[in-house]
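Here the structure comes first, spelled out in structure tokens, and everything after it is commentary.
The values are calculated or read from the model by the stated rules, or taken from the named source; none is laboratory data. Given the structure is predicted, the values throughout are model-derived calculations rather than measurements. Cβ coordinates were reconstructed from backbone atoms using ideal geometry, including for glycine residues, and neighbour counts include every protein chain displayed. Note: accessible area is taken over every heavy atom of the protein model, side chains too, but ligands, DNA and RNA are not part of it. Shrake-Rupley method; radii C 1.70, N 1.55, O 1.52, S 1.80 Å.
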Amino acid sequence: MMSFLRQRADEGARLRYRPYHEKAQRQIEREMVLIEKLKLPGYFLIVWDIIEFCKNNGILAQGRGSAANSAVCYSLGITAVDPISMELLFERFLSEERGEWPDIDIDLPSGDDREHVIQYVYERYGKLGAAMTANVITYRGRSAAREVGKALGFEVSTLERLSSLVRTWEWKDPKDTPERQFQDAGLDLTNQRIRKFLELYLGVQDLPRHLGQHSGGMVICQGQLDSVVPLEPATMPGRVVVQWDKDDCADMGIIKVDLLGLGMMAVIKDSINLIRDHYGDEVDLAHLPADDPAIYRALQRADTIAMFQVESRAQMSCLPRLCPRTFYDIVVEVAIIRPGPIVGEMVNPYLQRRQGRESVDYLHPSLEPVLKRTLGIPLFQEQLLRMAMIVAGFTGGEAEELRRAMGFKRSERRMREVEVKLRAGMERNRITGETQNRIVQSITSFALYGFPESHAASFALLAYASAYLKCHYLAAFTAAMLNNQPMGFYAPAILINDARRHGLRVLPIDVTTSDWLCTIEAGASDQAANMGDNKFHLRARLGLRYVKGLREETGRGIVRERARIPFCDIDDLVRRVPELRKDEMTKLAEVGALNSLEAAHRRDALWQTARAAQPVGPLLDTLPEAERVSPLVRMSVQERMNADFSGTGLTLGRHPMAYRREEMNTLGVTPARHLRPMRNGSAVRVAGCVIVRQRPGTAKGFVFLSMEDETGVLNAIVTPDLYDRYRFVLVHEPFLLIDGTLQNLDNVISVKAGRVEALPAVVMAALSHDFH
């Protein structure tokens, strides 16, 4: 088994390391010695076999986690990140002292591809040789409120009201208690049932409710798993689940591999297929053009909607300040906007040093090689390990033990023991006094918060790939994004608006041309600024899947019959697609999808569908057909927009704010696009549709809003006091009018709110993504 592993790794290394240099050879041999000593070749071959299955079946797969620290994993094709060129630390992945299985996660496209891989593992190792791990599901939030309410016999309307009150932001305001929420909503806490509801709701929090399936953890056992752990059939056909969670399985020494569904992997795979079919180009995730100027221009402008890991408001606020110029800058960007670095107050010092406003300090000259790339600020767990190995003479295993001791479930006793050992090692290396104290403080405060550099590198590769696809193949990338919703920060309406601002023409749903999924079509180019698509004149076409209430069976039936013979009219459609129900016909007519079938407008289509749904029968079938034109008037612009939003969640007409621009001008509202040239500190009034609401746990009660008008997206900052004053308006109103002060710092634009009011909604809007 070991010789087979060596052979596979050697073949892969010679392919990936060109030339196969001595440093790679030494690292691979060092890892192989440890793998053989720990009797782990079988584990690596299991993972390699899964990756090979993916390659042979055209399934995009990427190893993630600390596996990216291993040159053997890179050589086997498990990970696309080269740990030697990235200077990653193998001991973060595997060491003799850890005494546990290494951790390898495999990112797969979510959906059918991932299920295909899971079923392969079941077939490969047998129904009793592999199983999914369990998750302990606990009572929390709205689900707990609903169950308690049902037990107390509340009516549905009351239950919905009560459950809506208990949703919580990530930020836990000490004043924002459930009692206060109930009182603010006008509920009488002296009422016995209401009081009992609140008491039980608080009492059941975090109590176990049931076992669920882990998102991707699979355990594999030689022989029969049921001789080690109890098994049960899953609710999903073809799956078996163990009745333990992943930690229990790890304690028993059972091999676990995480097969994780990642939406962006599905987007990349679908984009690659669309590019091959429509552009004639072959895109390889592992061989993207390095240092693409268009990618870095977009990142520096924070023009990153839909890009993996860098599309959030916090990332957009950081990008112009960090100003990425290299791939490693993207690695840092992915890692730095995390709760750990933010709570550990590492973000601003790093950015200040990056901009040359603060001098770089390495704590000790010996640490410069470790901290040079991050300007003296420890951002990654691997740096923690290397620091301990350099200043205190720790082995790789001892350094990993330090990280684990100071990790999430930190033990005060273990921390003290490790700190004593750390100081003793530094004494031996003659590092004493204030320098020693600063290093200890840096390591101990950082250990809880550091993000693995290997994870960041894997994520950065996907971030770079998504940016490359958006910058150069916008039509394909947009269609793939729309086909893999829900995912990311933004609703489909926002993704479409952003793509249209970049020059892409998006075509409406039409039963004569739309497939079930969104597609791309050739056509006249509307703008030369089409980010790479202008030479192909490609446009995106919305798929039938975006019609709310239309079943996939019906949508695919429409596509099937249309491929056979084009539809003549609405009667022909109804006659030839037996799956089409009356309510589905109405939905198609309301969103304009039937207008191409000899319908003058949407209400005419509604008139014709109503008639076609009620055939006259054989007795009157031979009589001359009555006039088809309906007596109904066309929908107004407002009615069409409302029909679009209610029927599809988006509109391809003008933005709702565009119809109110004259009114906004009268009110002195500045469009989002015009904020950038304004001076820092200027008084400003802005308005728009709320697309994202956030109250992060690291932001000390501040609320961050992203709002959109017809010109772009703007960000607003709401202080805790202001949030208390305008709570219900901020949480529930779709359109807001905000007076505040413009903050324009290092090209990061936001509005610090001073006054907030609801903007009366004259039309519907896209649903916001609220991070509660």
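Based on Cα coordinates alone, diagonalise the gyration tensor for the stretch 1-135, multiply each eigenvalue by 5, take square roots, and list the semi-axes in whole Å, largest first.
Taking √(5λ) for each eigenvalue gives 25, 17, 14 Å, largest first.
More than 18 Å apart: what percent of Cα pairs in the stretch 55-120 qualify?
Considering the stretch 55-120, 43 percent of its Cα-Cα pairs are separated by more than 18 Å.
Using a 1.4 Å probe over the heavy atoms of the protein chains, calculate the carbon and sulfur portion of the accessible area of the stretch 666-732 as a whole percent.
The computed percentage sits at 53.
For helix 41-56, report the angle its Cα long axis makes with the longest principal axis of the Cα atoms of the chain; keep it between 0 and 90° and round to the nearest 10°.
So the inclination is approximately 30 degrees.
So for the stretch 187-233, Kirkwood radius off the Cα pairs, Stokes-Einstein at 4 °C and 1.567 mPa s: how many µm² s⁻¹?
87 µm²/s
What ranking do 722-731, 372-381, 632-641 get when scored by the average of other Cβ atoms within 10 Å per residue, highest first?
372-381, 722-731, 632-641
Taking the Cα centre of the chain as origin and charging only Cβ (+1 Lys, Arg; -1 Asp, Glu), how large is the dipole, in debye to the nearest 20?
1260 debye
Write down the accessible area per residue of the chain in Å², having rolled a 1.4 Å probe over the full set of protein chains.
Value for the chain: 45 Å² per residue.
So what's the net charge close to Pro83: Lys and Arg +1, Asp and Glu -1, counting the other residues with Cβ under 14 Å from its Cβ?
Result for the neighbourhood of Pro83: +1.
Taking +1 at the Cβ of each Lys and Arg and -1 at the Cβ of each Asp and Glu, which of Pro656, Pro734, Gln694 sits farthest along the dipole of the stretch 591-740 towards its positive end, judged by Cα position relative to the Cα centre?
So the residue we want is Gln694.
Using a 1.4 Å probe on the protein heavy atoms only, what accessible surface does Arg556 show? Give it in Å² to the nearest 10.
Here the residue's solvent-accessible area equals roughly 120 Å².
Peptides 329-340, 596-607: what's the order by average Cβ count within 10 Å, highest mean first?
Those peptides, ordered most packed to least, come out 329-340, 596-607.
log10 I(q)/I(0), Debye, Cα-only the chain, no solvent, q = 0.05, 0.08, 0.11 Å⁻¹?
Taken in order of the listed q values, log10 I(q)/I(0) reads -0.31, -0.82, -1.50.
At 1.4 Å probe size, with the rest of the protein present, what percent of the exposed accessible area of the stretch 205-348 is carbon and sulfur atoms?
Looking at the stretch 205-348 in its full context, I get 51 percent from C and S.
Two decimals is fine: what is log10 I(q)/I(0) at q = 0.10, 0.15, 0.19, 0.22 Å⁻¹ for the stretch 204-321, from a Debye sum with one equal scatterer on every Cα and no solvent?
Calculated log10 I(q)/I(0) at the listed q: -0.60, -0.89, -1.03, -1.24.
Helix-only mean residue ellipticity at 222 nm, the chain, DSSP H runs n ≥ 4 weighted -39,500 (n - 2.57), per residue, nearest 500. What is it?
-13000 deg cm²/dmol
Highest mean first, what order results for 251-261, 309-319 on Cβ atoms within 10 Å?
309-319, 251-261
Output the Kirkwood hydrodynamic radius of the stretch 696-756, Cα pairs only, in Å rounded to one decimal.
Hydrodynamic radius (Kirkwood, Cα only) of the stretch 696-756 equals 12.2 Å.
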